[in-house]
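Derivation of every value follows stated rules applied to the coordinates shown; laboratory data play no part. Just so we're clear, the structure is a prediction, and the values are computed from it rather than from any experiment. No Cβ is skipped: glycine too gets one built from the backbone with ideal geometry, and neighbour counts run over all protein chains shown.
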Amino acid sequence: MTTTTNEFGTITLEPAPPLNNLTRGRRPEWLRVRAADSPKYRELTALFRGQRLHTVCEEAMCPNIGECWGRGTATFLLMGDTCTRSCGFCKIKTGRPGALDPDEPRRVAESIKQMGLTHAVLTSVNRDEQPDGGAWVFAESLHWIHELVPGCTVEVLIPDFKGDWAALQVVMDAKPEILNHNTETVPRLYRTVRPQAKYIRSMELLQRAKRMDGEALTKSGIMVGLGETWDEILQVMDDLRAHDVDIMTVGQYLQPSRFHLPIMRYYTPEEFAHLKEEGEARGFKWMECGPLVRSSYHADGQAHLSPRQR
């Protein structure tokens, strides 16, 4: 057992015992989804192509793309489709990105207005080569949305900006209703799953965001099925609550290709229901748990918790 302490508190990391009852093999019935196709899906596809915009729904092969696009919601992927990091679970390509597009924030807001959204989710690739990690793109997008679509709530799912807290302040000053930063996995697996990230840094980011804007909801999520233990999942829940996080999502990891990390275990719907109960007992304002849950799933409902909506 090891304990790490920073100015925001203490986190205890316990070595996990080896797993000996893994569930592998053919994808279970509860993870099978219909192919994405509907009039609204085709309409949004044409809209995004016309505006030269990317969505994480497509780039990350989200299994909920048919459901979400069918009801007119999507998660916008800012700053291009090429990431500077190489996480073992992610389908988004890694490489040297092109220049940032200063007009992208306006086009995103125009698309949100055209879609008639009352809630929008913005995320991005990591742009570690940028001085502020691209924080200004989030801020400008928020400003444009607030100007063109008054009353639209916004969730931003941000990278860690390599611990640049001035960059985080730029985002928080633009007043998102929800500040999301995914923990992704348990600390023991970080070296494999998120080799360029740090568990402690992610926790610190979430608490700093809350201190910068007490009205903003903070949110984080993890994937399960990568080799973590049940106790490790509960420890992440405890750590997130200790760092003032309001909302948590838990979903099944699905291997996007044979070149990505293998699935070590499929969790059952009953186990996800149990995780939801565990989170609610710890005081999260919203727990979204399920086999197909991703970080922006049902985010429009979570936005109603925002004090700015009351």
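Before moving on, here are some points about what is shown:
- On the basis of the beta-carbon distance and an R0 of 35 Å, Arg258 and Arg211 show a calculated FRET efficiency of 0.25.
- Of Val156, Val137, Val149, the sequence from fewest to most neighbouring Cβ atoms within 10 angstrom is Val149, Val137, Val156.
- If the segment from Lys162 to Glu277 were pulled out straight at 0.36 nm per residue, it would be longer than the present Cα-Cα gap by 38.1 nm.
- Annotation for region 117-151 versus region 172-235: alpha-carbon center distance of 19 Å.
- In nm, spacing of pseudo-spin labels at Leu100 and Gln196 (7 Å Cα→C-beta vector): 1.6 nm
- Translational D in µm²/s for region 48-309 (Stokes-Einstein at 25 °C, 0.890 mPa s, Kirkwood Rh from C-alpha pairs): 134 µm²/s
- Taking the number of Cβ atoms within 10 Å of each Cβ as an exposure proxy, the fewest-first ranking of Glu147, Glu228, Glu280 is Glu147, Glu280, Glu228.
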